[in-house]
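Let me begin by presenting the structure, written as structure tokens, before commenting on it.
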Amino acid sequence: MSWRVRLLSLAFALLAGCSSEKPPLAFGLALHGEVTDQALALASAQAGIPPAIVALYTQWPAEPRFEGFPATSLAAIEKAGAVACVTWEPMSMDQGEECAIPANRILSGEFDPYIDAFARAMRDHGRPLMLRFGHEMNLARYHWGTAAGVYGPDSPDLFRRMFRHVRQRFRDQGAANVLFVFCPNAEALPAASWNTLAAWYPGADAVDILGLDGYDWGRTRTRAEHGWDSAPRSFKSVFKDARAELRRLNPETPLIVFETATADPGGKAVWLQEAVEQARDWGLAGLVWFQADKEVDWRLPQGGVPQAARGRLADPGRWLAWVRSLTAGRQGG
């Protein structure tokens, strides 16, 4: 590490410890598949700016053997000067079907060899990393730890226990550079008395960064075809209630939107501009755009991030220094 980066890290560490200043706002991209140098260069060109955060997705193996570690992707992200967020999904694929790893296999320690090996690999990477374990747990779509039909009132407790178990394994392996992310969806589905963010929250001692995912589906969903009718929503409308709930749970921990986008093809630039302004007003530490053509074409507007928004975003080097300050002085947790 150069003396300039060391100096910046120290400066941001001091700010983090003694100031109520808002964190720098990073812009990021969530990318599907392996993040190669070429894929990242293309996505950066489409954005018009280099991302400070790159989110990727990695699933667990069906059996507790060490495989699938995204070393190539992490190397490409490091080379680009960004901070990686690994979305770590405790499920495997069986003949095209998603199969959640049963909670009892995780909590009993059966998967500890895999978890420990993954933790050591992330530790040995050296650079600060974010780990988004079991994201969007408040959606029935992601029934972590159980079969889909069992998702219900007992699920939050299982999730909290799995999250804390995995976090402890990383502490035991000395992975002090890994920041654990608690990242629900902005809207809970099903809407039920047991499905609250407070019910899922693993505790301040286990969470380094708060996260949220949420989208503006525009008018792309209909009850006849999809079971519900969508309507246009602003960034503020999508996130305001969930953000307020997270802030009641933990008012100090940095908050990042790890997935967002709008389905409105003609209004993406304005929507993104307003999202950046709102994120700044809220003091968010990051806004990550879902750069994929999936259920709909979520990709950035032509021209990428609007020019007016670019000046509101932190330089990747500055944001990396700020993230280093979050891990400074940690010795395995």
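When 1/r is averaged over all different Cα pairs and the result inverted, which Kirkwood radius in Å belongs to the chain?
For the chain, the Kirkwood estimate is 20.3 Å.
Separation between the K294 and R141 pseudo-spin-labels, each 7 Å from Cα along Cα→Cβ, expressed in nm?
In this crude label model, K294 to R141 measures out at 0.6 nm.
What share of the DSSP beta bridges in the range 23-307 is antiparallel, in percent to the nearest 5?
Here the share of antiparallel DSSP bridges comes out near 10 percent.
If contacts are Cα pairs under 8 angstrom and at least 6 residues apart, what is the relative contact order of the range 65-163 in percent? Walk me through the intermediate numbers first.
Working: 101 pairs, mean separation 32.9, N = 99.
With pairs under 8 Å counted, the relative contact order is 33 percent.
Could you line up V296, V270 from fewest to most neighbouring Cβ atoms inside 10 Å?
The fewest-first ordering by Cβ neighbours comes to V270, V296.
Note down the relative contact order for the range 23-307 as a percent, whole number, built from C-alpha pairs under 8 angstrom at least six residues apart.
Details: 564 pairs, mean separation 57.4, N = 285.
That works out to 20 percent.
Spin-label point model (7 Å from Cα, Cβ direction): what's the E34 to D94 distance in nm?
So the label points at E34 and D94 sit 2.7 nm apart.
Just want the ordering: E97, E136, from fewest to most Cβ atoms lying within 10 Å of their own Cβ.
Listed from fewest to most nearby Cβ atoms, that is E97, E136.
Ignoring everything except DSSP H segments at least 4 long, calculate the 222 nm mean residue ellipticity for the chain; use -39,500 (n - 2.57) per segment, divide by total residues, nearest 500.
For the chain, the value works out to -11500 deg cm²/dmol.
Please work out the FRET efficiency for the pair R310 and A121, using the Cβ-Cβ distance as r and a Förster radius of 22 Å; give the result to the nearest 0.05.
Rounded to the nearest 0.05, the efficiency is 0.05.
Treating only the Cβ atoms of Lys and Arg (+1) and Asp and Glu (-1) as charged, compute the dipole magnitude of the range 23-307 about its Cα centre; round to the nearest 20 debye.
560 debye
Cα centroids of the range 282-312 and the range 62-94: how far apart, whole angstrom?
First find each Cα centre; the distance between them is then 23 Å.
Any read-out appearing in this document is the output of simple, stated calculations on the displayed coordinates, not a laboratory observation. As the structure is a computational prediction, the values presented were derived from the model and not from experiment. Please note: Cβ atoms are built from the backbone with ideal geometry, for glycine as well, and neighbour counts cover all protein chains shown.
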